[in-house]
Amino acid sequence: MHKTVPAAFALVALTACAPAGAASRVATTASLFASALHRQDGSAACALLTDAARSSLENDSGQACDKAVLAVKSDPSGVQVQVWGDEAEARASHDTLFLDRTAKGWRVRAAGCKPQGKDVPYQC
Amino acid sequence: MSALRRFVRSNGLTLAFFGLFLAALFGESLTGLASFNQQQVVDGADTISYAHYLVSSAFAVDVAENWQSEYLQFFLYILGTIWLVQVGSPESKKPDQMGRESDKEQKVGRYAEPDSPRLAKVGGFPGWVYARSLGMLMGLLFVLSLLAQSVAGTAANNAERIRQLQLPQSWLGYTESPDFWNRTLQNWQSEFPAVASMVVFSIYLRERGSPESKPVGAPHSATGVEG
């Protein structure tokens, strides 16, 4: 998991290939995730992570998810959402979230991601 | 003989290949789903259902990339055999028949026969279009399949990019990408030697009873003779 997270998600840009409902649900998940971090509600934030992200966070930090996730910094700013199939990215001014569509709905796979250059994976 | 049996007997070639197509497509969908879900497990993501996979861009791009290359093959073969010949091949015209040929040879306009298609008799623009309609349709199907490949490929590639923590790219960006051209060229490269080898092998080898072959006893030098 990652150390900074965009917190406010005011703008939602829908791509031509993404149903409006999917982009809206992605933005909602991202917004709920940021709100949970603002309230210092680690349990709520962890509930919005994918299983793999939760395991990774716990393994990397050596703490329970609801404690470790609170170290993530939030970064309030506008966000643009793109949904492609079962994957989505929510890009804010300073940070980017990557989300997966799961059986429980959209869940955060990576947060606080920073660009590293064209075609280079984001550092999260 | 019943009407159904007569229909099947009269259209067996089309029906057999359409049936093979459906069976192969079904097999591709099953194995494609299994492969897709294997990767989902590796990536720590949820697996998807068969119905979900059938409408996914991953399945669509895999289907479309093969369709476009097949229609390109037939489009080029139909047009190429108008002007290019291979002496000795039943797939080729005789060298003195190269080109569009005369109206008399093609039975169009005033040379049309009573049972010729109506558009072969009328001439003018409709007749001109009809005289090129097979190549046009194959070319159109190639373009549409290539377009479908590019659109589905953009979606599938963008999902993959996001999974790898990269930003998505535009349709135009995808059509300039290595993924698009690698998928395209690996299909094209397999089509052309298949055609070339069929043309050359049929000079010397025979398949008794097949119209794609010369009669078994026909000389190797015989061109444009089908058995």
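Restricting to DSSP H runs of at least four residues, report the calculated mean residue ellipticity at 222 nm for the protein assembly as shown, -39500 (n - 2.57) per run over all residues, nearest 500 deg cm²/dmol.
Working: 14 runs with 190 residues, N = 351.
The helix contribution divided over the protein assembly as shown gives -17500 deg cm²/dmol.
Please tell me the relative contact order of chain B in percent, rounded to the nearest whole number, where contacts are Cα pairs under 8 Å and at least six residues apart.
So the answer I get is 25 percent.
Step through the residues of the range B:98-109 one at a time and calculate ³J(HN,Hα) from phi using the Karplus curve (6.51 cos²θ - 1.76 cosθ + 1.60, θ = phi - 60°), rounding each to whole Hz and writing x for Gly and Pro.
Per residue, the Karplus-derived 3J(HN,Hα) values read 4, x, 6, 6, 7, 4, 5, 5, 8, 6, 10, x Hz.
Give me the Kirkwood hydrodynamic radius of the range B:113-227, using the inverse of the mean 1/r over all pairs of distinct Cα atoms, in Å to one decimal.
Details: mean 1/r = 0.0534 Å⁻¹.
Final number for the Kirkwood radius of the range B:113-227 is 18.7 Å.
Given H placed 1.01 Å from N in the peptide plane, which residues other than close sequence neighbours of residue A:102 have an amide H under 5 Å from its amide H?
Sorted by chain and number, the residues that satisfy this are A:107.
What list of ³J(HN,Hα) couplings, whole Hz, do you get for the range B:13-20 from phi and the Karplus terms 6.51, -1.76, 1.60, once you set θ to phi - 60° and write x for glycine and proline?
4, 5, 4, 5, 6, 5, x, 4
I'd like the Karplus ³J(HN,Hα) series for the range A:83-97: coefficients 6.51, -1.76, 1.60, θ = phi - 60°, whole numbers in Hz, and an x wherever there's a Gly or Pro.
10, 10, x, 9, 10, 8, 10, 10, 9, 9, 4, 10, 9, 10, 9
Please list the non-local residues whose amide H lies under 5 Å from the amide H of residue A:92, H modeled 1.01 Å from N, same-chain partners needing a gap of 5 or more.
Correct list: A:80, A:97.
Considering the Cα trace of the protein assembly as shown, what is its radius of gyration and what is Dmax, both in angstroms?
Using the Cα atoms of the protein assembly as shown, the pair Rg, Dmax is 29.0, 89 Å.
For the range B:1-55, build the convex hull from the C-alpha positions and give me its volume per residue in Å³. All intermediate terms of the calculation are to be shown ahead of the outcome.
Numbers: hull volume 4.4 nm³, N = 55.
Once divided by residue count, the hull of the range B:1-55 is 80 Å³.
Would you grab the residues whose amide H sits under 5 Å from the one on residue A:49? Only those 5+ places off in sequence or on another chain, please, with H modelled 1.01 Å from N.
Sorted by chain and number, the residues that satisfy this are A:108.
Of B:216, B:143, B:61, which has the largest mean-square fluctuation in a 10 Å C-alpha GNM of chain B?
With Cα springs under 10 Å in chain B, the top fluctuation among B:216, B:143, B:61 is at B:216.
Inside 10 Å of the C-beta atoms of B:166-175, what's the mean count of C-beta atoms belonging to other chains? Mind showing how you got there, number by number?
Values: counts 9, 11, 10, 2, 2, 2, 0, 0, 0, 0.
The per-residue average across the peptide is 4.
Taking the Cα centre as origin and putting +1 on Lys and Arg beta-carbons and -1 on Asp and Glu beta-carbons, what dipole magnitude results for the protein assembly as shown, to the nearest 20 debye?
Details: 31 positive and 32 negative charges, 152 e Å.
Computed charge dipole of the protein assembly as shown: roughly 720 debye.
Throughout, read-outs are computed from the coordinates displayed, never taken from laboratory work. Predicted model only: the values in this text are computed from it and were never measured. Positions of Cβ are generated from backbone atoms using ideal geometry, with glycine treated the same way; all protein chains shown enter the neighbour counts.
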